[in-house]
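So the structure is just underneath, and the comments pick up after that.
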Amino acid sequence: MSGYDMEQGHQEETQQTAGNRLGGAINREATNQARKDSIPPAGTYVTVGGLGISVKAFEANEKGPARRVVTAFGPVLGVGSKNDGVETNIRIRLSPDRRDKESGEPDFLHKMWLQADSAYKQAHNGEEAKDEDQILDYLESYPVSLSCFQGEDSLVATRINAVKA
């Protein structure tokens, strides 16, 4: 590996071992701040066209019965006062299969499915989807509005709404 010699103005070879590759301590405060600064701001985002869709079926296990999980992903554009014009990508997980928290309310994945179902209804003048594939087709074919907050390492969508024309 080469190193740069500031006084000599040239690179010189330095021997590397597993223990001295960089040698510096990690400044956790600076690292965590850089990580936070890398996440786009919270706010409203609109998908650029439709979203890509991937569906995975999970088998039943000790945590519960079988479940289908949809991952919707794609580019979004910020449209709020704090994020106007910000371009980024997002990944949203949702499930048509209800699972309840200990409190008895639906878990986050199912709540996101319910949001997508409501967005479909908003976009289709109150007409409800007749089957699950209509909701997936809607997410793939039309832009949707997403309310997002900054998660640990990416934006997290908490609301899905139809884009108002």
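Annotation note: of Pro65, Pro40, the sole residue that is within 20 Å of Asp153 (Cα to Cα) and of a type outside the set (S, T, N, Q) is Pro40. Examine segment 47-69 for a residue that is modelled with pLDDT under 95, surrounded by 15 or more Cβ atoms within 10 Å (Cβ to Cβ) and either at negative phi or part of a loop (DSSP other than H, G, I, E, B) (or both), and state whether such a residue exists. Yes, segment 47-69 has at least one match.
Here the condition is being free of Cβ contacts under 8 Å to residues at least 60 places away in the same chain and of a type in the set (Val, Ile, Thr); of Val86, Val76, it holds for Val86 alone.
Tell me whether segment 116-133 contains one or more residues that are hydrophobic (A, V, I, L, M, F, W, C) and part of a loop (DSSP other than H, G, I, E, B). Among the residues of segment 116-133, at least one is hydrophobic (A, V, I, L, M, F, W, C) and part of a loop (DSSP other than H, G, I, E, B), which makes the answer yes. Scanning segment 27-46 for residues that are of a type outside the set (S, T, N, Q), more than 30 Å from Asp137 (Cβ to Cβ) and part of a loop (DSSP other than H, G, I, E, B), we see that the one that is modelled with the highest pLDDT is Pro41.
The values are calculated or read from the model by the stated rules, or taken from the named source; none is laboratory data. What you see is a predicted model, and the numbers here were worked out from it, not measured in a lab. With ideal geometry, Cβ positions are generated from the backbone for all residues, glycine too; neighbour counts draw on all protein chains shown.
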